[in-house]
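Engineer: I have a structure here, written as structure tokens, and I will follow up with some questions on it.
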Amino acid sequence: MRIGIDLGGTKIEAIALGDNGETLARRRTSSPQGDYEATLAAIRGLLAAVEGEAGGRGSIGVATPGALSPASGLIVNSNSHWLIGRPLAKDLQSRLGRPVRLANDADCFALSEAVDGAACGAYSVFGVILGTGVGGGIVIDGRLLRGANAIAGEWGHNPLPWPVDDERPGPPCYCGRRGCIETFLSGPGLARDHATSIGATSTGASMAGADIAAAAAAGDGSCRATMARFETRLAKALASVINVIDPEVIVLGGGVSNIERLYQNLPGLWGEYVFSDSVRTRLAAARHGDSSGVRGAAWLWPNQQSGGAISS
């Protein structure tokens, strides 16, 4: 039995999976905002609950915002600020009394979709998060690629490729630079771009991505123009990934991924930027949706039957 724990900013979720990926138990609770010790206690409580319901003891994998620094063993780059600078893996192992594997939540998303999701059976998978932020993970031959610096797949903090003049230098990013992919392709980035294009200055005038897409489908000219810009930018950004790792499948997740027109339009756009005479990469929507993070955390432990997935 495998236990996955998704440590989110607003909720913590735990799941127990059987050998074939079937759900044996599932629980969730609110995240103790700003309280590290309470967060550890909440995880311990959820673990006891799902193992009690499933009737067994399992391996433990944790999906977390940010990453575990290879240099210090501390959490870095987390939007759950109370985790930053904490030895989360070490503290969890101490409190739970067994080994814990930990990976970034976008990595866990990619792993889940590669193991038994939309990219099941593919040798190489790039999992994309398009939500409040932009993240990604890479899975090769069923194994999560962590990277020497624990940042493999972090395409959101590369600059938007092939920018046009009015995209330079780009919006400021919280990382301290300007023009990061995240500033254009996140949900807030899409809303900001539309508000700017129509001259809206108040937050109340901004539209969410789903509303922009719906209005575009209904014929609204400004929304159609916004979606065209967004799709061109996303096509360029994904083409740059294809040029580097050439994945068999790209899986989209996060709130923006629910815009259905992306799956029809992007494959017709990215070919202009891919360094090949044809593009065989398949674009897919996540099969497990919001459950991919917690399921991917469970799959951080190897599948003894098939070689399975493991975080290195």
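The values are calculated or read from the model by the stated rules, or taken from the named source; none is laboratory data. Keep in mind the model is a prediction, meaning the values are calculated, not measured. So basically every Cβ, Gly included, is an ideal-geometry build from the backbone, and we count neighbours across all protein chains shown.
Engineer: When the residues of region 121-167 are narrowed to those that are of a type in the set (S, T, N, Q) and either more than 13 Å from the chain's Cα centre (by Cα) or outside any loop (DSSP other than H, G, I, E, B) (or both), which ends up nearest to residue 8 (Cα to Cα)?
Structural biologist: Residue satisfying both the conditions and the ranking: 149.
Engineer: Okay, next question. Give the number of residues within region 175-204 that are under 20 Å from residue 131 (Cβ atoms), surrounded by 12 or more Cβ atoms within 10 Å (Cβ to Cβ) and not charged (D, E, K, R).
Structural biologist: Qualifying residue count for the region: 15.
Engineer: Another question about this same structure. In contact with a strand residue (DSSP E or B) (Cβ under 8 Å, 6 or more places away or on another chain), small (Gly, Ala, Ser) and surrounded by 15 or more Cβ atoms within 10 Å (Cβ to Cβ): does that describe residue 150?
Structural biologist: Yes.
Engineer: Quick check on this structure: which one of 97, 85 is on the phi > 0 side of the Ramachandran plot, without any contact (Cβ under 8 Å) to a residue 12 or more places away in the chain and touching a strand residue (DSSP E or B) at 6+ places or on another chain (Cβ under 8 Å)?
Structural biologist: 85
Engineer: Let me ask something else. So the check is Cβ under 9 Å with 6+ separation or different chains; which pairs have a first residue in region 282-302 that's on the phi > 0 side of the Ramachandran plot and a second one that's surrounded by 24 or more Cβ atoms within 10 Å (Cβ to Cβ) and not basic (Lys, Arg)?
Structural biologist: What qualifies is 289/253.
Engineer: On the given criteria, is residue 254 touching a Gly at 6+ places or on another chain (Cβ under 6 Å) and closer than 29 Å to residue 292 by Cα?
Structural biologist: yes
Engineer: Continuing with the same structure: Among strands (runs of 3 or more DSSP E) lying entirely in region 1-91, which contain 1 or more residues that are under 17 Å from residue 111 (Cβ atoms) and under 21 Å from the mean Cα position of the chain (by Cα)?
Structural biologist: 2-7, 11-17, 59-64
Engineer: Looking only at region 19-54, filter to residues that are at pLDDT below 95 and within 21 Å of residue 99 (Cα to Cα); which one of those is surrounded by the fewest Cβ atoms within 10 Å (Cβ to Cβ)?
Structural biologist: Here the answer is 19.
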